[in-house]
Amino acid sequence: MAQDDADAGANAGGRLLNEVDSKRLLSEAGINTNATELARSRDEAVELARRIGHPVVLKIASPDVVHKSDAGGVLVGVSGDDAVASAYDQIVAAVAAAQPGARVDGVSVQAMAEPGVEVIIGVSRDPQFGPLLMFGLGGVLVEVLGDVSFRVAPLTERDAAEMVREIKGYPILRGHRGGPPADLDAIERALLDLSRFVDARPDVGEVDLNPIIAHSKGLTAVDARVVLV
Ligand code: ADP
Ligand code: MG
């Protein structure tokens, strides 16, 4: 337990779970995640990538690195033993240069998700209203334009349907310029599953799924942060 606490790091008085543990918890909530394992050495990364199947994604696993790709800590579409081994070294070196002194647990090795539309689902807890669900499209649309919708848990089916439809980026989900439409039912189900989950689990203080890749059938959460309180 003491080791766990040391590994997990702190976030606003809570305990930040790493990506591997966050995804494990979210699968319990019924949210589909990609296979993700922690490698503590380059050899272990090679072995895990073989087991998961190439191509893979490698990411820094550190309680101190919040924006992994900004720190050079994410490489997608890595294929072949040699490429995996050098990706491991490259990520560790890039993060050491970008954030000297950052604690590093290792590198996560993950299955590459099918393409789709990147969306975000988040949960925060409001002292007055309780769990608050957030939905938006991934990337600049959320960061720059703040194009998101909110509802207080527990969500009704109607709430979930409205959350998806009231963002300005909704046409992108419907299929933009001949792109395949995202599976709206799957997004609504994920919102409802997460709402039920945080309602039943008062120890879950914060959830940040950024991004979830919404496919034409189903979805995959490829990045996850959970804070326990
Ligand atoms: P961070 O948000 O900490 O920079 P992410 O884990 O979100 O790191 O990865 C950055 C980006 O890389 C994602 O927004 C997504 O576009 C892509 N990505 C990450 N993991 C996967 C994956 N398993 N399959 C496909 N693309 C991925
Ligand atoms: Mg992310």
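The values are calculated or read from the model by the stated rules, or taken from the named source; none is laboratory data. Remember, it's a predicted structure, so these values are computed and weren't measured experimentally. For neighbour counting, all protein chains shown are included, and Cβ atoms are generated from backbone atoms with ideal geometry for every residue, glycine included. Heavy atoms of the whole protein, side chains included, go into the accessibility calculation; ligands, DNA and RNA do not. Shrake-Rupley method; radii C 1.70, N 1.55, O 1.52, S 1.80 Å.
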(message) Once you order the gyration tensor axes a ≥ b ≥ c over the Cα atoms, which shape class does the stretch 130-229 get: rounded for a/c under 1.5, otherwise prolate or oblate by comparing a/b with b/c?
(response) prolate
(request) Mind checking the per residue accessible area of the stretch 36-111 for me, 1.4 Å probe, whole number of Å²? (result) 48 Å²
(message) Can you return the aspartates and glutamates within cross-link range of K217? Criterion is Cα-Cα under 15 Å, with same-chain partners fewer than 8 residues away left out.
(response) E114, E118, D183, D185, E188
(message) Just to be sure I understand: with springs between alpha-carbon atoms less than 10 Å apart, which residue in L58, L145, L191 has the highest mean-square fluctuation in the Gaussian network model of the chain?
(response) L145
(message) Please compute one quarter of the surface area of the Cα convex hull for the stretch 13-60 and express it in square nanometres.
(response) 4.3 nm²
(message) How big is the stretch 85-164 along each principal axis, measuring the range of its Cα positions in Å and listing the largest first?
(response) 48, 33, 24
(request) Could you check how many percent of all C-alpha pairs in the stretch 36-111 are farther apart than 15 Å? (result) 43 percent
(request) Place a +1 charge on the Cβ of each Lys and Arg in the chain and a -1 charge on the Cβ of each Asp and Glu, then give the dipole magnitude about the Cα centre in debye, rounded to the nearest 20. (result) 400 debye
(request) May I ask you to give the percent of accessible area on the chain that is carbon plus sulfur, with a probe radius of 1.4 Å? (result) 51 percent
(message) Suppose all protein chains stay in the model; what accessible area per residue would a 1.4 Å probe give for the stretch 132-229, in Å²?
(response) 48 Å²
(request) Report, as a whole number in µm² per second, the diffusion coefficient that Stokes-Einstein gives for the chain at 37 °C and 0.692 mPa s using the Kirkwood radius over alpha carbon pairs. (result) 180 µm²/s
(message) I'd like to know which of S108, P211, S195 lies farthest towards the positive end of the charge dipole of the stretch 99-229, counting +1 on Cβ of Lys and Arg and -1 on Cβ of Asp and Glu.
(response) P211
